[in-house]
Amino acid sequence: MTDPKRWYISPGFKAALRWLLYVAVVVGVAYALRRNIRALAKEWPHVHFHYPMVLAAGASLAATSVVQLII
């Protein structure tokens, strides 16, 4: 005898639900990226880079790669 409290969900419905969830996540991420990139484009003329800090960040990345290769 089957338990009436248990639901049977077909594999096709599960796959469709999973794809719907994936599409919803991708659309949400794309919307957030679009909104943030537009905001960045408006603020870009006011961004000032401090070149010694940029060079320090590049040196840090290079040093990390060298240490990873040694290890």
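The values are calculated or read from the model by the stated rules, or taken from the named source; none is laboratory data. All of these numbers come straight from a predicted model, not from anything done at the bench. All Cβ positions, glycine included, derive from the backbone under ideal geometry; neighbour counts span all protein chains shown.
Among the numbered criteria (1) of a type in the set (Lys, Arg); (2) outside any helix (DSSP H, G or I); (3) modelled with pLDDT of 90 or more, which one does Arg6 miss?
(3)
Scan Leu69, Leu21, Leu17 and give me the residue that is surrounded by fewer than 10 Cβ atoms within 10 Å (Cβ to Cβ) and in a helix (DSSP H, G or I). First the steps, then the outcome.
Working: Leu21 fails: surrounded by fewer than 10 Cβ atoms within 10 Å (Cβ to Cβ); Leu17 fails: surrounded by fewer than 10 Cβ atoms within 10 Å (Cβ to Cβ).
That would be Leu69, the only listed residue that is surrounded by fewer than 10 Cβ atoms within 10 Å (Cβ to Cβ) and in a helix (DSSP H, G or I).
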